[in-house]
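Peer 1: I'd like to ask you about the structure that follows.
Only the coordinates and a few stated rules stand behind these numbers; no lab work does. Just so it is clear, the structure is predicted and the values come from calculations on it, not from any experiment. Quick reminder, even Gly has a Cβ in these numbers, built from the backbone with ideal geometry, and neighbours come from all protein chains shown.
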Ligand SMILES: Cc1ncc(COP(=O)(O)O)c(C=O)c1O
């Protein structure tokens, strides 16, 4: 079995002597509203985050009433809460009753603890660094590790024993609960069928570790064709039987991302792990669902800017890098201070739209790093300082409309996850209804 990802050398700490509690994280700093002079901003509606959690819980309850296993909801807020701000999302979701939270990285788990989150936090990526300080930080911050490699077991039990001794305790250390990841077809992380038995043998040799849960991840839960998800679920059931036959009794099983938790009641198991749905974006609005209740989700993020300049072009004049757009009529162009360095994808050049006064206006020319031009010829009386909505809804003097992350993604062949996590750190996040 491969142990390539893990350093077999059990160094007590980093060469510079730092230890778990002092693990230093280098975090790129996001623009803070208090320091922001710029008008471009993301507005995060925390009331919508709470609403989405309640909706998801209501969906799980409806499916349970129809015969599914009653499932808890553990929202996934990795990648800075999908660009919404992990600390704000974590504390909001915990207060609103989330049973637990999931992140990808150790650093993300520590950030939640530092923000005051107390509920269980699952670190799904399973990578805790080359040195023992990462493992110590994991244990000290009471984060729940995902494991899938015998080398991780060795290192985790060593860290557990070491910390126990460091704290001056004697006797056996209290056991550390772990979640075991099974690869049922995603093919990126987790134990494959042929590696399960040797792993379980190794687990028997580590009394410091307690197998609390089994998990897997679906590859095609948003596909209208249910076949792959059904096959993965069947493989997960078979793996569960083998784990039990080896003498373990994991009480928890989880598998479902947003698409699976909304579409496959039989896959909800002990808890679901919705990410995109928790921030109000349906992962697959067109795929059929067998859920007992439809989730009424509310997008939590709006991205806004303002008109900072206006100019009138004659027919035939071209604008922007490469002069990729030429006026086919006398045209009024508005410039907004948001570009691809802010997360407005350059692929939206000459095909994206924004909202001004509640009405759509097309992006004209190439999106540049800091600025984008909008053709506002058909919107009367546009003025400097008018609000421009790049993502989300707007109600204005000419009407009401919405540009969803789904629509934006479809326009340029991306997925909503990319559009949302792509809003960069130079865009300050303003929180509503904290
Ligand atoms: C293991 C795991 N579970 C759950 C999720 C949540 O996925 P989604 O945002 O589609 O709900 C992810 C995200 O990619 C994931 O990697």
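Peer 1: Starting from 0 in steps of 5 Å, tell me what percent of the Cα-Cα pairs of the range 53-183 lands in each bin.
Peer 2: 2, 10, 18, 19, 17, 15, 10, 6, 3, 1, 0
Peer 1: Let me ask something else about it. Which three extents, in whole angstrom, do the alpha-carbon atoms of the range 61-131 cover along their principal axes, largest first?
Peer 2: 47, 25, 21
Peer 1: Give me the extension gain from residue 238 to residue 114: residue separation times 0.36 nm, minus the current Cα-Cα distance, reported in nm with one decimal. Walk me through the intermediate numbers first.
Peer 2: Values: separation 124, 0.36 × 124 = 44.64 nm, distance 3.89 nm.
Fully extending the segment from residue 238 to residue 114 adds 40.8 nm.
Peer 1: Quick one: helix 150-166 against the long Cα principal axis of the chain, what's the angle to the nearest 10°, folded into 0 to 90?
Peer 2: Between the helix axis and the principal axis of the chain, the angle is about 80 degrees.
Peer 1: Let me ask something else about it. Based on other C-beta atoms within 10 Å, arrange 314, 181, 78, 244 from fewest to most.
Peer 2: Working: 314 9, 181 23, 78 19, 244 12.
The fewest-first ordering by Cβ neighbours comes to 314, 244, 78, 181.
Peer 1: Once both labels are modelled 7 Å past Cα along the beta-carbon direction, what's the residue 37-residue 226 spacing in nm?
Peer 2: If labels sit at residue 37 and residue 226, their model points lie 5.8 nm apart.
Peer 1: Can you tell me the 0 to 90 degree angle between the C-alpha axis of helix 86-95 and the longest principal axis of the chain, rounded to 10?
Peer 2: Approximately 70 degrees, to the nearest 10.
Peer 1: Ok, one more. Set the Förster distance to 45 Å, then compute FRET efficiency between residue 246 and residue 61 from the Cβ-Cβ distance, nearest 0.05.
Peer 2: Working: r = 34 Å, r/R0 = 0.75.
E between residue 246 and residue 61, to the nearest 0.05, is 0.85.
Peer 1: Over the range 301-432, what per residue volume does the convex hull of the Cα atoms give, in whole Å³? Spell out each step's value before the answer.
Peer 2: On the way: hull volume 13.2 nm³, N = 132.
About 100 Å³ per residue, rounded to a whole number.
Peer 1: Which whole-number percent gives the relative contact order of the range 301-432, counting Cα pairs below 8 Å spaced six or more residues apart? Mind showing how you got there, number by number?
Peer 2: Working: 310 pairs, mean separation 34.6, N = 132.
In percent, rounded to a whole number, it is 26.
Peer 1: If R₀ is 35 angstrom, what is the calculated FRET efficiency for the pair residue 317 and residue 432, using the beta carbon separation as r and rounding to 0.05? Show your work: numbers first, answer last.
Peer 2: Numbers: r = 40 Å, r/R0 = 1.15.
The value I calculate is 0.30.
Peer 1: Separate question: When the label point is put 7 Å from the Cα of residue 175 along its Cα-to-beta-carbon vector, which residues of the range 191-214 have a backbone N closer than 18 Å?
Peer 2: Taking a point 7 Å out along Cα→Cβ of residue 175, the residues of the range 191-214 whose backbone N falls under 18 Å are 199-214.
Peer 1: Okay, moving on. Sort 390, 39, 103 so that the residue with the fewest other Cβ atoms within 10 Å of its own Cβ comes first and the one with the most comes last. Could you put the intermediate results ahead of the total?
Peer 2: Details: 390 28, 39 16, 103 25.
The order, fewest Cβ neighbours first, is 39, 103, 390.
Peer 1: Just grab the label-to-label distance for residue 166 and residue 378, each label 7 Å out from Cα along the Cβ direction, in nm (one decimal).
Peer 2: 6.3
Peer 1: Report, to the nearest 10°, how far helix 46-65 tilts away from the longest principal axis of the Cα atoms in the chain, using its own Cα long axis and a range of 0 to 90°.
Peer 2: That helix lies at roughly 50 degrees to the long axis.
Peer 1: Still on this structure, please answer the following. Taking the Cβ-Cβ separation of residue 369 and residue 204 as r and a Förster radius of 56 Å, what is the calculated FRET efficiency to the nearest 0.05? Write out the running numbers ahead of the final one.
Peer 2: On the way: r = 56 Å, r/R0 = 1.00.
So the FRET efficiency works out to roughly 0.50.
Peer 1: Counting other beta carbons within 10 Å of each Cβ, put 403, 77 in order, fewest first. Display every interim value, and only then the final one.
Peer 2: On the way: 403 21, 77 31.
Ordered by Cβ neighbours within 10 Å, fewest first: 403, 77.
Peer 1: Let me ask something else. Relative to 2.2 N^0.38 Å, what does the C-alpha radius of gyration of the chain come to as a ratio? Two decimals please. The partial results should precede the final answer.
Peer 2: Details: Rg = 24.6 Å, N = 434, 2.2 N^0.38 = 22.1 Å.
Compared with the compact-globule rule of thumb, the chain sits at 1.11.
Peer 1: How high is the relative contact order of the chain, in percent, counting Cα pairs under 8 Å that sit 6 or more residues apart?
Peer 2: Numbers: 942 pairs, mean separation 79.2, N = 434.
Answer for the chain is 18 percent.
Peer 1: Let me ask something else. Hey, rough spin-label estimate for residue 197 and residue 341, points 7 angstrom out along Cα→Cβ, what's it come to in nanometres?
Peer 2: Placing both labels 7 Å beyond Cα along the Cβ direction yields 5.8 nm.
Peer 1: Could you please state, rounded to a whole Å, how far the C-alpha centre of the range 379-434 is from the C-alpha centre of the range 150-188?
Peer 2: 44
Peer 1: Let me ask something additional. Between residue 287 and residue 309, what is 0.36 nm times their sequence separation minus the Cα-Cα distance? Round to one decimal in nm. Walk me through the numbers before you get to the answer.
Peer 2: Details: separation 22, 0.36 × 22 = 7.92 nm, distance 4.25 nm.
Gain on extension, residue 287 to residue 309, equals 3.7 nm.
Peer 1: Restricting things to alpha carbons, tell me how big the range 46-279 is in terms of Rg and Dmax, in Å.
Peer 2: 17.5, 56
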